[in-house]
Amino acid sequence: MKSVLFNMGYFLKEAYKTIRLNLLSNIFSFIGTVLILFIFALVITGWNVSNRLVLMLKEEAEISAYYEENLDEIDKDNLIGLIEEIDGVLEVNLVSQAEAYNRMENVLGNEAGILELFEENPFEEYIEIRIHLDETERVIDRIENIEGIEYVRDNREILNRIEGIVKTLNMAGYIVTAAVGITTIIIISHMIRQGIYENRFQINTLQLLGASNSFIGFPFLIAGLLMILCGGIIASVLTVIAINIGFGQLSGTIPFIPLPPKNELVKHVVVIIMTASIILGSGGSIFGLSSIKEDAER
Amino acid sequence: MIRIEGATLTYKDGTTALKDINLNIGAGELVYITGPSGSGKTSLLKLLMGVEYPSEGEVLVLGQKIAKEEKRRIRRLRRNIGPVFQDFRVIKGRTALENVMMGVRFLGFSPKKMKSESLNALEKVGLKHKYSSLVENLSWGECQRVAIARAIIRKPALILADEPTGNLDLDNAVSILELLSSLRDDKTSVLITTHATHLIDNQKDAVFIRINGGRITMEQGGRA
C-alpha cells in the first residue's frame, strides 16, 4: 500500500506513457469505447422512455362492460360496487350515452360531422374499467360472470401486444447491455494487453528486480480506467446533447408521448454510464493484466 | 548464502545446460565464474535468480529454495539480489536517475528517500553528474554503471553480474570489474561471470570457478 501511495506520480506517468506508446491504436480503441458507451446510453435512454410509456399504457389499460338494458340506477351502482371489489381493477366509471357520444366526437375531430347522420345517439351507456395490465385475463373472466353484465369489450389484442412490446424491449435492453459489456471488456483488455506487450522488456526487467505483478500492472490498470472514464464522460456529454435534441423534437411533433423529466433522465443515464465505465474498465483492465503472468520471464 | 547440490538444468527443448553442479558460496565472497561461450555460466546465474528451476538436485539462495512452487517467494528473494546484466537492461526513455529508482520503487521507499539513495548510488558508480541524462544518450560503459547503481541501491546480500564486461572496451571493462569487485563486503557476496579471464588474473581473495560443458571443471581460491 505504501508503495502504491509513494509511487502514484510514477504510476500516472507510466499510464500516460502506455497510452502514448500506441497512440493511434489507442485512439481507435478510445473512439470505439466512446461509441459503444454512447450507444449503450441511447439504449438506456430509450429503455427509460419506453418503460415510462409502457407504465402509462399499463395504467391506462381499460375494458368496457355493457350491462342489460333493464337495470335501474341502484342495480348499476351495485354492479359498479361488485366490479370495484375485484383484484386488479384500478378505477370504475359509468359512461353515459351523452358522454360516449362526446368522446367519439373528440376522437373523430374534424370528421365528427358523420355522427349527425344518426337520428338518435347510437352509443350505449357502459361501465369503463381501468385495470392492471397483468391481471387482464382474470379480471375479464370475473366481470363476465357477474349477473347483469351482458358482455365485456376488451382490447385484449392491443393489451397483449403492449405486453409483447414490453418483453421485447426488455430483452433487447438486456442483449445490448450484455453486448456492450463484453465488447468494452474486450477492447480495454486488448488495449492493456497491447501495452503489456509493448512494455514487455520493462516488465520483464521489473520482474527480475523483484517487483510484484500487482505493482507492475498498476499503471496499466490506471491507463485502462482513464481511457474508459474519459470515454464515459464523452459518451455522457454526447448523450445529454442527444437527449436535448430528442426532447425538443419529440415534445413538438409527438406531444402525447409521456417523456420523463429531462433532468431526472439525464442524471439517471449519466450515473449508469459512469458506473458501467468504472466496472467495465476495471474488469477489462484486470482481464488484460492476466497476460503479465504469461510474460516470458523464463 | 548459496548452496547447490547435484543440480542439473535441462531446458524444455531437451538441452542440458548444467549437469550435477555442486557449489557452496558463503557471505562476503567474490566469485568469478569463467568458461567459454555456451558453457553454462548464464544458465547458472538464471538458476540463482530463480529464472530457471533445477530439473534435478537442489538450489538454495539466501535460504530460499529455487523451485517452481516457490515462484512468489523467489520474486521476493530477488529483492535481496542485485542483478547486473550483460545487456544492462536499462529502460530507454528514462533518465539514469529514473532507472536507478526503478530498483527500489516497489520496496516502500518514500519519494525523497528514493531520490537521495539513487543519487548516492549514482555517485558510487561515478555517474552522479549524469543523473538527468536519458540512458540512450549514455555510453555503454555508463549504461552498465547505471545498471550497477540500480543493483547496489537495494543494498543486496548478493550481486549477480552476468558478463558485465561483454559489450565494453578494455578500459571500461577493467573499470566495471574493479567497481563490481569493490562492492564485496562482509555482508555482500559478488558473483561475476566472464569469459575474459585475462581481466581477472590479478584478483586477490577471489574464488574462481570454471565451467565447461555444463559442469564445474575447476574451483580454486578464496579468502586467505
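For the range B:45-81, give me each residue that is part of a helix (DSSP H, G or I), more than 14 Å from B:Ile2 (Cα to Cα) and either of a type in the set (S, T, N, Q) or touching a Leu at 6+ places or on another chain (Cβ under 7 Å) (or both).
Of everything in the range B:45-81, just one residue is part of a helix (DSSP H, G or I), more than 14 Å from B:Ile2 (Cα to Cα) and either of a type in the set (S, T, N, Q) or touching a Leu at 6+ places or on another chain (Cβ under 7 Å) (or both), namely B:Arg79.
Going by the conditions given, is A:Leu42 surrounded by 14 or more Cβ atoms within 10 Å (Cβ to Cβ), of a type in the set (A, V, I, L, M) and either in contact with a strand residue (DSSP E or B) (Cβ under 6 Å, 6 or more places away or on another chain) or within 14 Å of chain B (Cβ to nearest Cβ) (or both)?
Judged against the criteria, A:Leu42 is not a match.
Among the residues that make up the range B:114-125, is at least one of them in contact (Cβ under 8 Å) with a residue 40 or more places away in the chain and at the interface with chain A (Cβ under 9 Å from one of its Cβ atoms)?
no
Given the structure, is B:Ala161 crowded, with 23+ Cβ neighbours inside 10 Å, of a type in the set (Gly, Ala, Ser), in contact with a Phe, Trp or Tyr (Cβ under 6 Å, 6 or more places away or on another chain) and more than 10 Å from chain A (Cβ to nearest Cβ)?
So B:Ala161 fails the test.
Here are B:Ile21, B:Ile25: which of them is closer than 17 Å to B:Thr193 by Cβ, away from every other protein chain (no Cβ under 14 Å), within 17 Å of the chain's Cα centre (by Cα) and not charged (D, E, K, R)?
Going through B:Ile21, B:Ile25 in turn, the sole match is B:Ile25.
Condition first: charged (D, E, K, R) and part of a helix (DSSP H, G or I). Now tell me which residues in the range A:67-79 satisfy that.
A:Glu73, A:Asp75, A:Lys76, A:Asp77
Among what's in the range A:79-99 and is under 18 Å from A:Glu124 (Cβ atoms) and without any contact (Cβ under 8 Å) to a residue 40 or more places away in the chain, pick the residue that is nearest to the chain's Cα centre (by Cα).
The selected residue is A:Val92.
Which residues, taken from the range B:206-224, are over 16 Å from B:Asn24 (Cα atoms) and either touching a residue at least 40 places away in the same chain (Cβ under 8 Å) or of a type in the set (Val, Ile, Thr) (or both)?
B:Asn212, B:Gly213, B:Gly214
Give me the pairs, please: first residue somewhere in the range A:61-78 and at pLDDT below 85, second residue anywhere and part of a loop (DSSP other than H, G, I, E, B) and surrounded by 14 or more Cβ atoms within 10 Å (Cβ to Cβ), beta-carbon distance under 7 Å, and either six or more positions apart or on two chains.
Every condition considered, the pairs that remain are A:Leu71/A:Gly148.
Condition first: of a type in the set (Ser, Thr, Tyr), assigned to a helix (DSSP H, G or I) and surrounded by 14 or more Cβ atoms within 10 Å (Cβ to Cβ). Can you find one or more residues in the range A:131-144 that meet it?
Scanning the range A:131-144, I find at least one residue that is of a type in the set (Ser, Thr, Tyr), assigned to a helix (DSSP H, G or I) and surrounded by 14 or more Cβ atoms within 10 Å (Cβ to Cβ), so the answer is yes.
Consider B:Leu180 carefully, then state whether it is more than 14 Å from every other protein chain (Cβ to nearest Cβ), at pLDDT 90 or above and at negative phi.
So B:Leu180 fails the test.
The values are calculated or read from the model by the stated rules, or taken from the named source; none is laboratory data. This is a predicted model, so every value here is computed, not measured. Neighbour counts are summed over all protein chains in view; Cβ atoms, including those assigned to glycine, are modelled from backbone coordinates with ideal geometry.
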